[in-house]
Structure formats: C-alpha cells, structure tokens
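Reading through the structure tokens given below for one structure.
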Amino acid sequence: MDVKELVGKKIRILRTKRRMTQFELAQKIGISQRSLSGIETGENFLTAETLNRVLISFGITLEDFFAVEHLKPENELIAELLDDIKSLKDIEKVRIIYKIVKAVLKD
C-alpha cells in the first residue's frame, strides 16, 4: 500500500468512526466531496494545508494521524504479532497478552 492509499484509508476510517459523510467532512475542511473521495481512494493526495484542516477537524496530532501500522495487510500483522509474542521473555507480559486476546475473542 502506498502513501496516498494509507493516508486516504486513515481519513476514511477517522471519518466513518465519527459518523461523518464525505460531504460533511469535505465542507468542514474546505474541499469538494469529489476531491475528498479521490483522497480517500488514494487517487489524489491532499495538500499540507488540507491535511492540517483534517487534523484540526478530527482533533488529532500529526503523530496520531501517521500511526498506521495497524493498516498493514492481515498476514503481515499476524506474523509480526506472533514474532513479538515469541520474543517475549517476561511471563507476566505473556499472561497479559493472553488475557487481552481471550477478552477480545469473546465479543
């Protein structure tokens, strides 16, 4: 996934979590709905000024916005997580992770 796709995916995720339509967000950040659609699909890239308005609109920092590791392909996420767990030497951390995974799987 390239940078344009990751940025677009992140904006779409943030927008949908806040139950905003493309039209609503586009109006809020001062671009057309068509432009926002192109950004969300990775066809277009946003300007620094538009990115700044997105950050303000969502009330997040640049660091939070670019934390996109969780958007990796599923097989990469699983492999990385398994490697991390296998490398743990602290049994208490393993137990905590175990409890978290079991709690998540109950849903």
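The values are calculated or read from the model by the stated rules, or taken from the named source; none is laboratory data. Given the structure is predicted, the values throughout are model-derived calculations rather than measurements. Because the Cβ atoms are built from the backbone with ideal geometry, glycine has one as well, and the counts that use them run over all protein chains shown.
Of note:
- Of all residues in the range 71-93, those that are part of a helix (DSSP H, G or I) have Cβ atoms under 6 Å from Cβ atoms of residues that are of a type in the set (Lys, Arg), 6 or more apart or on another chain, in LEU71/LYS9.
- Residue check for GLU40: touching a Gly at 6+ places or on another chain (Cβ under 7 Å) and either small (Gly, Ala, Ser) or at pLDDT 95 or above (or both): yes
- Count of the range 30-52 residues which are under 17 Å from LYS9 (Cβ atoms) and either in contact with an Asp or Glu (Cβ under 7 Å, 6 or more places away or on another chain) or surrounded by 15 or more Cβ atoms within 10 Å (Cβ to Cβ) (or both): 11
- From LYS9, LYS4, residue being in contact (Cβ under 8 Å) with a residue 60 or more places away in the chain and surrounded by 13 or more Cβ atoms within 10 Å (Cβ to Cβ): LYS9
- So ARG12, is it basic (Lys, Arg), in a helix (DSSP H, G or I) and closer than 24 Å to LEU77 by Cβ: yes
- Every condition in (1) assigned to a helix (DSSP H, G or I); (2) out of contact with any Leu (no Cβ under 6 Å at 6 or more places or on another chain); (3) aliphatic (A, V, I, L, M) holds for ALA26 except the one numbered (2).
- Residue match in the range 58-79 (condition: modelled with pLDDT under 90, among the aromatic types (Phe, Trp, Tyr) and out of contact with any Ser or Thr (no Cβ under 9 Å at 6 or more places or on another chain)): yes
- Residue among ALA103, ALA67 that alone is free of Cβ contacts under 8 Å to residues at least 40 places away in the same chain, closer than 13 Å to LYS10 by Cβ and among the aliphatic types (A, V, I, L, M): ALA67
- Condition met for ILE97 (over 14 Å from VAL7 (Cα atoms) and touching a helix residue (DSSP H, G or I) at 6+ places or on another chain (Cβ under 8 Å)): yes
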